[in-house]
Amino acid sequence: MAPAVRRYDPDRRRRIIDAAIRVVGAKGIAGLSHRSAAAEADVPLGSTTYHFKTLDDLLVAALREANEGFARAVADSAALADPEADLAGALARLLGEFLAADRGRVELEYELYLAALRRPALRPVAAEWCESVATALASRTDPVTARALVAVMDGISLQVLLAGTEYDERYARDILTRVLRPA
């Protein structure tokens, strides 16, 4: 019998991360294990432990991947490049688009983000997300105000997700405007 041939699979790590995100989306963080990620990615269990020594390593990679969307949308926003653009309005619009695009995905992102409360390994990644959005916003305002905008957008997002209410773009714009131009 010939020895098993190792298959070159450069996308395996990515597939495992994507599978972990799907597992967390379907079963929550409690449902994620190396075994469940391997089954979802259709890879051997050893592949998950090879690429991610601990479950926290896998969660860090999943959180980093999940967080990219909104941070990228903010950084790519034309309103950041145009000093005359209504920043509060643009951010309120982006936040609404983010929440409306795929609510399940947003819930997943926040579940991973909030897991940092109990899993210290995730805290630096959660902080990276806040910092990346604040850095993008700092091109239009000062760093302290940029961090305040991130906090307000987080708060509004959590209220919408937890209360199950509709996103109110006008309310978000009004609150973001208050942060940008206090009375």
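Quick notes on this structure:
- Three semi-axes of the equivalent ellipsoid, segment 78-127, Cα gyration tensor, whole Å, largest first: 28, 15, 7
- For trypsin sites (Lys or Arg not before Pro), the sites in segment 96-169 that DSSP calls loop and that have at most 10 other Cβ atoms within 10 Å are 118.
- For the chain, the longest principal axis of the Cα atoms and the long axis of helix 123-137 meet at an angle of about 40 degrees.
- Carbon + sulfur, % of accessible area of the chain - ligands and nucleic acids excluded, 1.4 Å: 54
- Solvent exposure of segment 55-167 amounts to 48 Å² per residue of accessible area, where only protein heavy atoms count and the probe is 1.4 Å.
- Potential lengthening between residue 35 and residue 105 on full extension [0.36 nm per residue; Cα-Cα distance subtracted]: 23.0 nm
- Summarised as an ellipsoid, the chain has semi-axes of 37, 16, 14 Å, derived from the eigenvalues of the Cα gyration tensor scaled by 5 and square-rooted, with the largest first.
- Using the Cβ-Cβ distance between residue 75 and residue 14 with R0 set to 25 Å, the FRET efficiency works out to roughly 0.70.
- Rounded to whole Å, sorted largest first: equivalent-ellipsoid semi-axes of segment 74-168, Cα gyration tensor: 23, 18, 10
- Treating r as the C-beta distance of residue 151 and residue 57 and R0 as 30 Å, the FRET efficiency rounds to 0.60.
The values are calculated or read from the model by the stated rules, or taken from the named source; none is laboratory data. Note that the structure is a prediction, hence the values are computed from the model and not measured. In this analysis, Cβ positions are derived from the backbone assuming ideal geometry, glycine residues included, and neighbour counts consider all displayed protein chains. Each accessible area value is taken on the protein alone, full model and side chains, heavy atoms only, with ligands, DNA and RNA left out. Shrake-Rupley method; radii C 1.70, N 1.55, O 1.52, S 1.80 Å.
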